[in-house]
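Any read-out appearing in this document is the output of simple, stated calculations on the displayed coordinates, not a laboratory observation. Predicted, not measured: the structure shown is a model, and the values here were computed from it. All Cβ positions, even for glycine, are placed from backbone atoms using ideal geometry, and neighbour counts span all protein chains on display.
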Amino acid sequence: MRDVAIAKSEFVKDQKAVSKLQDFQEDPELFRYCSLPQILKYVEAFTGPNIMAMHTMLINKPPDAGKKTSRHPMHQDLHYFPFRPADRIVCSWTAMEKVDRRNGCLVVLPGTHKGTLKEHDYPDWEGGVNKMYHGIRDYDPQHPRVHLEMEKGDTVFFHPLLIHGSGMNSTQGFRKAISCHYASADCYYIDVKGTTQENIEKEVQEIAARKYAMEDSIKFQDAWALRGRLVHGERTSL
Ligand SMILES: CCCCCCCCCCCCCCCCCCCC(=O)SCCNC(=O)CCNC(=O)[C@H](O)C(C)(C)COP(=O)(O)OP(=O)(O)OC[C@H]1O[C@@H](n2cnc3c(N)ncnc32)[C@H](O)[C@@H]1OP(=O)(O)O
Ligand SMILES: O=C(O)CCC(=O)C(=O)O
């Protein structure tokens, strides 16, 4: 993925900047991260023994180009997932270098994982917002927030209802982190028709149709079933 400030303008002419690698489940070197025993030991406490890696990302947050587009709006990851139950899904996010407020560390609203899934949409940001970066419109701005300053190699595990995002990268360097969303293979798919997730379903289907010429044939659930990879135990459902 390219940052919107790059995708929509000549950022540095003739240069490409990659701000995210997504879906690396077939890359043996990167996928090693998802199978690390040090990570799975904690993941299993949420998922149980049948563990699927559902979504993989290496996030290379770029230096902000001056429009604050390097921010990630406050959101709940469950918005993107057509599977349940939420308590059997967990994200691991590992800092690949020191992260702090200067380079846009994670920001979380503690306790919000006990709430419900909120409505998400694109925020009205003056400088634009990255594709598919939906945010919650009506979270309480007075809610206490915690900035997760982390050292290289530190890992945080969080629930898919936890409201979180990340700040602007005001340094000159790229801020790297690697993450995986795990779910119990015993989770089940849901139909998101008539729910707040309809907007993301539509967007994913449109991208699939454009990128893979899969007009109408790909369901939201298929987009997940195709990218999920078993890391431990048996692929029972997902
Ligand atoms: C076989 C399986 C089929 C399944 C296909 C389904 C594809 C869906 C992929 C995305 C799923 C994301 C799910 C995320 C779940 C994560 C949950 C955790 C929480 C989060 O991390 S929230 C943020 C999650 N979202 C993302 O990470 C999305 C990241 N973006 C991308 O991966 C790519 O930008 C995207 C959306 C796949 C588009 O890439 P691509 O099609 O290659 O784009 P093009 O270069 O062809 O450009 C098309 C069009 O879009 C404009 N563009 C490009 N980049 C951006 C950008 N960053 N912001 C805004 N606009 C952008 C580009 O200029 C083009 O516009 P035109 O007007 O010129 O056509
Ligand atoms: O790494 C970031 O900047 C944000 C990542 C995030 O919010 C997510 O993975 O859900």
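Of note:
- Within the stretch 23-67, the proportion of C-alpha pairs whose separation exceeds 18 Å stands at 43%.
- Candidate aspartates and glutamates - alpha carbon under 16 Å from K67, same-chain residues fewer than 8 apart omitted: D3, E10, D124, E126
- Neighbour-count order for F220, F158, fewest beta carbons within 10 angstrom listed first: F158, F220
- Cα extents for the chain along the principal axes, largest to smallest and rounded to whole angstrom: 47, 42, 40.
- Calculated mean residue ellipticity, 222 nm, the chain: -5500 deg cm²/dmol, from DSSP H runs (n ≥ 4) at -39500 (n - 2.57) each, averaged per residue and rounded to 500.
- Net charge dipole size for the chain [Lys, Arg +1 and Asp, Glu -1 on Cβ; Debye, nearest 20]: 540
- Considering every alpha-carbon pair of the stretch 102-238, the percent of pairs per 5 Å bin, from zero through the bin containing the longest distance, is 2, 7, 13, 17, 19, 19, 14, 7, 2, 0.
- Helix runs (DSSP H) in the chain reaching 27 Å along axis by Cα, Kyte-Doolittle at least 0.5: none
- Note on the stretch 45-139: Cα-only Rg and Dmax are 14.9, 45 Å.
- Sorted fewest first by neighbouring Cβ atoms within 10 angstrom, W93, W125 come out as W125, W93.
- Inter-label distance for S170 and L230, nm, one decimal - labels placed 7 Å from Cα along Cα-to-Cβ: 4.9
- Over 20 Å (Cα to Cα) - which of K118/K219; K20/K114; K61/K211; K20/K68 fall in this group: K118/K219; K20/K114; K61/K211
- Note: relative contact order over the chain, using C-alpha pairs below 8 Å and six or more positions apart, is 32 percent.
- For the stretch 38-92 versus the stretch 166-238, the gap between their alpha-carbon centres in whole angstrom: 10
- Mean silhouette area of the stretch 135-215, derived from the convex hull of its C-alpha atoms and averaged over all directions, reads 9.2 nm².
- Semi-axis lengths (Å, descending) of the ellipsoid that matches the C-alpha gyration tensor of the stretch 115-169: 21, 16, 12
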